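Encoded as structure tokens, the structure appears first; notes follow it.
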2 protein chains.
Amino acid sequence: YIVEEVMEGFDRNKLETLLKQRFFYDQSFAIYGGVQGLYDFGPMGCAVKANLLQEWRNFFVLEEQMLEMDCSMLTPEPVLKASGHVERFADYKVKDLKTGECFRADHVVKQFLEKLEADPKTPQDRRDEARRILNSLDNLDGAGLQEVIVKFGIKSPQSGNEISEPQQFNLMFQVSIGPAGNIKGYLRPETAQGIFVNFKRLLEFNQGRLPFAAAQIGNSFRNEISPRAGLLRVREFTMAEIEHFLDPADKSHPKFASVAGLSLPLYSAKDQMAGLDATEKPLGEAVSAGVIANQTLAYFMARIFLFMVRCGVDRQRLRFRQHLSNEMAHYACDCWDAECLTSYGWIECVGCADRSAYDLTQHSKACGAQLVAEKMLAEPQVVVANEAVINKGVVGRTFKADAVHVTQYLSSLEEADLNSLATELESLGSASREIGGSERKLTPDMVSVRRTERTVHRLEFVPSVIEPSFGIGRIMYVIFEHSFRAREGDEARTYLSLPPVIAPYKCSVLQLSNNPKLREMATAMSQALTQAGLSHRIDDSSVSIGKRYARTDQIAIPYGVTIDFDSINKTPATATLRERDSMRQVRVEVEKIPGIVQQLVQERLTWAQVMEAYPVFEQQETIKDTDGN
Amino acid sequence: YIVEEVMEGFDRNKLETLLKQRFFYDQSFAIYGGVQGLYDFGPMGCAVKANLLQEWRNFFVLEEQMLEMDCSMLTPEPVLKASGHVERFADYKVKDLKTGECFRADHVVKQFLEKLEADPKTPQDRRDEARRILNSLDNLDGAGLQEVIVKFGIKSPQSGNEISEPQQFNLMFQVSIGPAGNIKGYLRPETAQGIFVNFKRLLEFNQGRLPFAAAQIGNSFRNEISPRAGLLRVREFTMAEIEHFLDPADKSHPKFASVAGLSLPLYSAKDQMAGLDATEKPLGEAVSAGVIANQTLAYFMARIFLFMVRCGVDRQRLRFRQHLSNEMAHYACDCWDAECLTSYGWIECVGCADRSAYDLTQHSKACGAQLVAEKMLAEPQVVVANEAVINKGVVGRTFKADAVHVTQYLSSLEEADLNSLATELESLGSASREIGGSERKLTPDMVSVRRTERTVHRLEFVPSVIEPSFGIGRIMYVIFEHSFRAREGDEARTYLSLPPVIAPYKCSVLQLSNNPKLREMATAMSQALTQAGLSHRIDDSSVSIGKRYARTDQIAIPYGVTIDFDSINKTPATATLRERDSMRQVRVEVEKIPGIVQQLVQERLTWAQVMEAYPVFEQQETIKDTDGN
């Protein structure tokens, strides 16, 4: 796909106006001038978010019996040192030397070079050079970026002023914990670490068995240098992460067969390097061909795809792109991003990474805890080990006060060193080693090497981790873009075609006029809908019914009940039921409506079935456009 | 109640062991030594929390059609200056002068004086003095606390070392936002401010009408000086807050009649001062008698009570205590805390405050936004106003270059000043005013005061706010304490009697042995339960069925299905269904079980009804205690 093609006729301003006016979200603290990169979700955005998270819980946690966690956001420094974030979770910033404004160095360079490349006046050789640099921009460090800035004379993109040299800027928010100010910490930049540091307890809870998955929904924080693009690059955001722990020797998945036939648009690293496009490929084939590293990774890619489509992402604008080696995070050994095409281009919404044993190994090293699992061996194994047998008497007599150093040295020797010591003692009759600052001569009467054999039935190992990581705000924005529509012939009448499972309200209740009897019946309908657990909105304002339909369409309410005069004058009482996307209506007995809407929302009934079962109601469509008040 | 009486036989250690072992929650970053006041919820705690919040949403947001919000935690300083938190959200700390350890000054003083008072060797006059100070401890500022510390020679409670003078310590975590480090902010100490700063948009969303309520679930942060008592005083915690905006002239509530007859244990400020106990009183009476300030406050107290009891708080250990004037927060004009009796004493779990117009007024002042609502007047009102009519010609000729100051001065005069000016001009023939640094003589030819009349149909006003604010972690801890039980005759066999709506899993699936046919049927049962939307846990470990029942009781699973040999050998296939609290079992057709459990969980069926409808199964109870593996 080409961005321009898919986006033809799409007007981002119109969407943003709708989202702001109907309070899906807005900049936080707007009455105080706002803070870049911080957003508040209003009632509509909050409901969409809650529905999306609930669906995520059902689709992943409940379905796969994952162990859900809820961990602290405040995180002490040692944890994030071990994970590599203190050292490496940084971007380069440049500062406008006059205004003090900061920009991401790579963004400034990219923007400049892309403009240069696109300018027809640029000589061909310079254009080629710009392209070469753009292709390997991810590989440049601060010095590399500075070289480009100097070479091309790049200035501040806003003011044209000189800019500083690129400086590394850690993206974590620093926080001091406790009254004495001596516990240094950060707001977590991802939720994953909370799960890793609890691995032992989780394994225990799972009765020691692998594989199992833990999951967490929660907020993370990144002090972005220059937040932009609405919900796509923000400083505080909700993530939903899964850490699936498994045996590195067996990354198969018991349910893989159920998704092996599913074709996903895959954009492999190889195809990217070759300048090819993404191609649809059945997952079974992709795993066999080694395009995707293992079954478990592929299984989760399938689940991510199904979840995204279910929640309203357009499957035509969704692909899985494999990370190139130069962009892979420091912990990953294979990684595929679920990317969605938007008016901002292809946007990463879900990362699906094989983090191997990186995190558990790092935390084990840092805090000394044994973060390992055990497995029964198919057959018992004999483990051979060497052991130093020290003759303390001889060592003591020979080295006197220094004997203790020699004993310690010999006790701490590892397998390989013991082997070479044994060989030397045997072949040369002695061995010379620097111990405690002096050369010491060791002889066979001081130490011998004993070979031991042990039969083991269980093997300890550090589990690997497969991590699907969802950016909830980004997914929400993509769903909004992909479900944004205008009525044919009336471009100003925009609406959101969200799937019922995600829509903020499931149903609207309108009354044709302010007549008290209509109002009474509308109130009863509202109570019946609450009883049925259906969130709904009553719009009893005095604007025309047509305007009220348009308003409920804007907040994506999939079904609408209208109480009219037939509802109160005829027996049995009926009302009209309207579907948002088709704007078609049927007339249904009032009592049946909550049950029908419930079945529609739960996808146990289709609108087509409702249209067949009940008399179509045409009249209201006329009222819609002419009935003022 | 007396703490000792209610807590008789309660062993907090046993409860804490259960909660830790079955991973309800544990200290965060425990493998790194942990951080005080930070907790992670494991799978069981996380499920309880998610259930509690879901129930809160249903009970408050859905039922009352509240507008739910999801606002940023990072908050710029001006917002929290306006709310009063920068200046006043602080405790006094004292530092151990040798170890540097910090304590809350009031806690140190309280602990010391209580010990002194309880010591029989303390002379009576000194004992009386201790009591006097204890009674007014909340009124003491830093200097007052220091006076007590010096007078009694109070030392560090841990080491006995000298302590520093009390210093004010703001409890908010400070954070620097943005790459330039020039946006000073804090992690929010409550979620409420996010709602207040969005008031205008919310009112607009509600089509300009009052009353309406906004709600928010989210995390807040307080850098407690010395966190303690587990989940009760922590540095990061989840709150659920409601801000109900209403006309200060009308605090009635349309649904009040539905709760007026409900009697709640009320502990009014007056009764506290008089040394009386809490008394049960119907809410209607309490409002009429002026004990509770208004209907809306009382309505929410009723809803809080019903919610708490529904979620597992013991109604015998729940009371509403009114704040005394010296403990009322800076914003509140009446406040009742829902307090629960625990082994730590009476603990505040929900605050229910009338914040009056404080917050909206403060934010209006600070940022200039008009945070007001309008109402139609029952009858149009005539508003009289005075206006200065300036003769610019005379003013210009008289004051020349300074005329502009005089004109500005006259235009900016407010009602009262205009009135006194008019009076002076009329009675004295002139008036003298300091304008632009000089005395100026004003005469009737320069300015006259005109009286204007305007008929208004709508009135602008700043709404009041009623705020119920729930501490989710505290409520969870209380529920755990109140539902902790031991089996009669087997005190070591402890369990949690959580209501099904709150229990982490709704059902367990056990198989009597490892027989593959039993396993197959257990798997099918698990799938059927997932289909019915019932979270459940399969325990197919090889320990005895009795031990597995005990284990499922510990994690509060209310119902358990056991597949035994009758399940596979007889037609129709049946299994046993067990209820946690009574440990009674019935035998039911396998196909019916998911539906029955669903009805039990949704409270559409009682266990007594199930016992009547299906044959009681006695045999398993024997197996439970003898069947090893």
Next item on the list: Collect the residues in segment A:565-575 that are open to solvent by less than 10 Å² (accessible area, probe 1.4 Å) and at pLDDT below 95, keeping them in residue-number order.
Entry: A:S567
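Is it the case that segment A:595-611 has a residue that's aromatic (F, W, Y) and open to solvent by less than 60 Å² (accessible area, probe 1.4 Å)? Break it down stepwise before answering.
Of the residues in segment A:595-611, the ones aromatic (F, W, Y) are A:607.
Going one step further and asking which of them are open to solvent by less than 60 Å² (accessible area, probe 1.4 Å), we end up with A:607.
Yes, some residue in segment A:595-611 is aromatic (F, W, Y) and open to solvent by less than 60 Å² (accessible area, probe 1.4 Å).
Against the definition (hydrophobic (A, V, I, L, M, F, W, C) and under 30 Å from B:Q554 (Cα atoms)), how does B:A431 come out, yes or no? Before you say what the answer is, go through the steps one by one.
Numbers: hydrophobic (A, V, I, L, M, F, W, C): yes; under 30 Å from B:Q554 (Cα atoms): no.
Considered against the rule, which asks whether it is hydrophobic (A, V, I, L, M, F, W, C) and under 30 Å from B:Q554 (Cα atoms), B:A431 comes out as no.
Any residue at all in segment A:100-119 that's of a type in the set (F, W, Y), within 14 Å of chain B (Cβ to nearest Cβ) and either buried (at least 16 other Cβ atoms within 10 Å of the Cβ) or touching a Phe, Trp or Tyr at 6+ places or on another chain (Cβ under 7 Å) (or both)?
Within segment A:100-119, one or more residues are of a type in the set (F, W, Y), within 14 Å of chain B (Cβ to nearest Cβ) and either buried (at least 16 other Cβ atoms within 10 Å of the Cβ) or touching a Phe, Trp or Tyr at 6+ places or on another chain (Cβ under 7 Å) (or both).
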Next item on the list: Would you tally the residues in segment B:150-177 being surrounded by fewer than 19 Cβ atoms within 10 Å (Cβ to Cβ) and under 19 Å from A:R235 (Cα atoms)?
Entry: 2
Notebook entry, point to check: Hey, among the residues in segment B:445-456 that are in contact (Cβ under 8 Å) with a residue 60 or more places away in the chain and either open to solvent by 60 Å² or more (accessible area, probe 1.4 Å) or in contact with a Gly (Cβ under 9 Å, 6 or more places away or on another chain) (or both), which one's nearest to B:V384 (Cα to Cα)?
Noted result: B:E453
Next item on the list: Restricting attention to segment B:576-586, report how many residues are open to solvent by 50 Å² or more (accessible area, probe 1.4 Å) and either of a type in the set (D, E) or touching a residue at least 40 places away in the same chain (Cβ under 8 Å) (or both).
Entry: 1
Next item on the list: Those residues that are open to solvent by 20 Å² or more (accessible area, probe 1.4 Å), under 26 Å from B:E224 (Cβ atoms) and facing chain B (nearest Cβ under 9 Å), I need them from segment A:180-216; list them, please.
Entry: A:A180, A:N182, A:I183, A:R201
Next item on the list: Please find, within segment B:57-79, the residue that is farthest from the other protein chains (Cβ to nearest Cβ) out of those that are surrounded by fewer than 21 Cβ atoms within 10 Å (Cβ to Cβ) and farther than 20 Å from B:V350 by Cβ.
Entry: B:E77
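Conditions tested, residue by residue: (1) modelled with pLDDT of 90 or more; (2) part of a helix (DSSP H, G or I); (3) at positive phi.
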site	(1), (2), (3)
B:M376	no, no, no
B:Q381	no, no, no
B:G393	yes, yes, no
B:F399	yes, yes, no
B:V404	no, yes, no
B:L410	no, yes, no
B:A416	no, yes, no
B:S427	yes, yes, no
Item checked: Residues of segment A:159-179 satisfying the condition of being more than 14 Å from every other protein chain (Cβ to nearest Cβ) and out of contact with any helix residue (DSSP H, G or I) (no Cβ under 7 Å at 6 or more places or on another chain) -> A:S159, A:G160, A:N161, A:E162
Checklist line | Among (1) within 30 Å of A:Q36 (Cβ to Cβ); (2) touching a helix residue (DSSP H, G or I) at 6+ places or on another chain (Cβ under 9 Å); (3) surrounded by fewer than 18 Cβ atoms within 10 Å (Cβ to Cβ) - the single one B:R88 does not satisfy | finding: (2)
Item checked: Residue list for segment B:217-229, restricted to those being in a loop (DSSP other than H, G, I, E, B), of a type in the set (A, V, I, L, M) and open to solvent by 10 Å² or more (accessible area, probe 1.4 Å) -> B:A229
Next item on the list: Could you grab me the full set of residues in segment B:333-361 that are crowded, with 18+ Cβ neighbours inside 10 Å and either among the aliphatic types (A, V, I, L, M) or within 14 Å of chain A (Cβ to nearest Cβ) (or both)?
Entry: B:A338, B:L341, B:I347, B:V350, B:A353, B:A357, B:D359, B:L360
Margin query: Suppose we keep only residues that are among the polar types (S, T, N, Q) and within 14 Å of chain B (Cβ to nearest Cβ) within segment A:362-397. Which one would you say is nearest to A:F300 (Cα to Cα)?
Written below: A:Q362
Check: Before we move on, is B:E460 in contact with a Cys (Cβ under 8 Å, 6 or more places away or on another chain) and acidic (D, E)?
Finding: no
Checklist line | Subset of segment A:531-542 (residues that are in contact with a helix residue (DSSP H, G or I) (Cβ under 8 Å, 6 or more places away or on another chain) and open to solvent by 30 Å² or more (accessible area, probe 1.4 Å)) | finding: A:Q531, A:G533, A:R537, A:I538, A:D540
Next item on the list: Please tell me if A:Q554 is open to solvent by 10 Å² or more (accessible area, probe 1.4 Å) and touching a Phe, Trp or Tyr at 6+ places or on another chain (Cβ under 6 Å).
Entry: yes
Item checked: Among the candidates A:F23, A:F41, residue that is at the interface with chain B (Cβ under 10 Å from one of its Cβ atoms), out of contact with any strand residue (DSSP E or B) (no Cβ under 6 Å at 6 or more places or on another chain) and either of a type in the set (A, V, I, L, M, F, W, C) or in contact (Cβ under 8 Å) with a residue 12 or more places away in the chain (or both) -> A:F23
Next item on the list: Considering only segment B:26-37, state which residues are buried (at least 22 other Cβ atoms within 10 Å of the Cβ) and either within 8 Å of another protein chain (Cβ to nearest Cβ) or aliphatic (A, V, I, L, M) (or both).
Entry: B:S28, B:F29, B:V35
Notebook entry, point to check: Is segment B:457-473 home to any residue that is farther than 30 Å from B:A353 by Cα and either open to solvent by less than 20 Å² (accessible area, probe 1.4 Å) or of a type outside the set (A, V, I, L, M) (or both)?
Noted result: yes
Next item on the list: Report those helices (runs of 4 or more DSSP H) wholly inside segment B:230-344 carrying at least 1 residues which are modelled with pLDDT of 95 or more and more than 28 Å from B:R104 (Cβ to Cβ).
Entry: B:283-288, B:295-310
Margin query: Take the residues in segment A:527-569 that are among the β-branched types (V, I, T) and under 21 Å from A:D490 (Cα atoms); name whichever of them is nearest to the chain's Cα centre (by Cα).
Written below: A:I555
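The values are calculated or read from the model by the stated rules, or taken from the named source; none is laboratory data. Predicted model only: the values in this text are computed from it and were never measured. Cβ coordinates were reconstructed from backbone atoms using ideal geometry, including for glycine residues, and neighbour counts include every protein chain displayed. When the accessible area is computed, the model is the full protein with side chains, heavy atoms only, and any ligands, DNA or RNA have been set aside. Shrake-Rupley method; radii C 1.70, N 1.55, O 1.52, S 1.80 Å.
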